[in-house]
1. Looking at this structure, is R87 among the charged types (D, E, K, R) and under 15 Å from the mean Cα position of the chain (by Cα)?
2. Given the criteria in a strand (DSSP E or B) and not basic (K, R), does S32 qualify?
3. Let me confirm something: among T72, T119, which residue is within 16 Å of G2 (Cβ to Cβ), open to solvent by 30 Å² or more (accessible area, probe 1.4 Å) and modelled with pLDDT under 95?
4. L54 passes all but one of (1) touching a strand residue (DSSP E or B) at 6+ places or on another chain (Cβ under 7 Å); (2) loosely packed, with under 15 Cβ neighbours inside 10 Å; which number fails?
5. Just the residues that are open to solvent by less than 60 Å² (accessible area, probe 1.4 Å), of a type outside the set (A, V, I, L, M) and either under 29 Å from L9 (Cβ atoms) or at pLDDT below 80 (or both), please, taken from region 19-40.
Amino acid sequence: MGANIGYDLDLGSFVVGGEFEYDRLNLDLGASEGSLDSVSRVKLRGGYEFGPALGYVVVGAARANTSGDSDTAAVYGIGFAYPLGDRLIISGEAMRQNFNDVTRSRGDLDTNTFNLRTTFRF
């Protein structure tokens, strides 16, 4: 479960923006490695409008908090957003993060995530 807040600037066919995203998790990392408790991300987004839809790329930083340790890593990915009216948007993002030394045995945590979400525009 998570939340996000951001801002987009419409430049005609191009859109640029930024976003903060927080996901609360309780994922067992297995073999006494602890659990992944949360991931927060600060992302920059740039995209192109295809009619009402928006295809975009994201880059930024992600922070993983586990019961063993915490780490910050680069995040990058692609996404697609489609409006369902004037204020509601449905979107999906595929992202990659490579965290180092976050498990109890100081191991890496490389993650591919896919977010499917709805956003309310103010």
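The values are calculated or read from the model by the stated rules, or taken from the named source; none is laboratory data. It should be emphasised that the depicted structure is a prediction, and the values quoted were computed from it without experimental measurement. A quick note on method: Cβ atoms are made from the backbone with ideal geometry, for glycine too, and the neighbour counts reach across all protein chains shown. In case anyone asks, the SASA skips ligands and DNA or RNA and just uses the protein heavy atoms, side chains included. Shrake-Rupley method; radii C 1.70, N 1.55, O 1.52, S 1.80 Å.
1. no
2. So S32 fails the test.
3. Matching residue, one of T72, T119: T119.
4. (2)
5. E19, E21, D23, G30, E33, G34, S38, S40
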